[in-house]
Amino acid sequence: MSSHHIVREKQEPALLILSLEGFDYENLGQILEWSPTVIVMQEIYELADSLAFKIDAVITRDPHFNTQEDTRLIITDIDPVEDAFKFLIGEHYSAVNVIASEFLLKDYALFVDYIDIVVFVAEKKIFPVRSGFSKWQPAGEQIKFLHEVHDLHTRGLKKLEDHVYETEKDGFYVLQFDQEFTFIAESI
């Protein structure tokens, strides 16, 4: 017996592609498996189009940019990432996966309360967590904090160096800290 899933629009995280530099296309295939809404930067539109997946929107400064049929334009004037997030939130998306060549906290911090964010940079998966966060991981997995964390207490992790921890054994690790959220990185 096979299982069939009906994917409702906006049920799956949208996919915002800022850059494909250094990103493994096999991982891209897994992200695209559930046919998310795909938004790309104008600079990589041709590359993304050549990969033969449907592009739903392009972030551009050019209101006359030529795209696939039925592709929306998200016009940006100052901050393309901010404009993409405003679009997604305005369209009532609850989550977004972002593929980028680097992680800049300023691009995501303002939106943590409005949309679930996962950022993929090379071989890392980056996401915000709140105090009390726990997750099951196998032994030996590294967890990296991407900015200073106030009054950090961990369970199930051992410190390797500043901002870098490792799971001690198979099981849950727990994070407690005194700030609204922090971003962590795991290996994909």
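The values are calculated or read from the model by the stated rules, or taken from the named source; none is laboratory data. Just so we're clear, the structure is a prediction, and the values are computed from it rather than from any experiment. In this analysis, Cβ positions are derived from the backbone assuming ideal geometry, glycine residues included, and neighbour counts consider all displayed protein chains.
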Restricting the search to the range 117-142, which residues are aromatic (Phe, Trp, Tyr) and surrounded by fewer than 16 Cβ atoms within 10 Å (Cβ to Cβ)?
Trp136
What is the residue count in the range 49-90 for residues that are of a type in the set (Lys, Arg) and closer than 19 Å to Ile31 by Cα?
1
Taking the range 101-143 on its own, how many of its residues are under 25 Å from Leu20 (Cβ atoms), of a type in the set (Val, Ile, Thr) and out of contact with any helix residue (DSSP H, G or I) (no Cβ under 6 Å at 6 or more places or on another chain)?
5
Which count do you get for residues in the range 137-188 that are within 26 Å of Phe111 (Cα to Cα), in contact (Cβ under 8 Å) with a residue 24 or more places away in the chain and not in a loop (DSSP other than H, G, I, E, B)?
15
Selection from the range 79-106 of residues that are closer than 25 Å to Val164 by Cα and either surrounded by fewer than 16 Cβ atoms within 10 Å (Cβ to Cβ) or modelled with pLDDT under 95 (or both):
Ser101, Glu102, Leu104, Leu105, Lys106
Which numbered condition Asp116 fails, given (1) more than 22 Å from the chain's Cα centre (by Cα); (2) charged (D, E, K, R); (3) at negative phi
(1)
Being out of contact with any Phe, Trp or Tyr (no Cβ under 8 Å at 6 or more places or on another chain) and in the same structural domain as Ile31 (by TED's automatic domain parsing) narrows it down to one of Glu166, Glu102, Glu180, so name that one.
Glu102
Please count how many residues of the range 107-125 are of a type in the set (D, E, K, R), under 19 Å from Val164 (Cα atoms) and not in a strand (DSSP E or B).
1
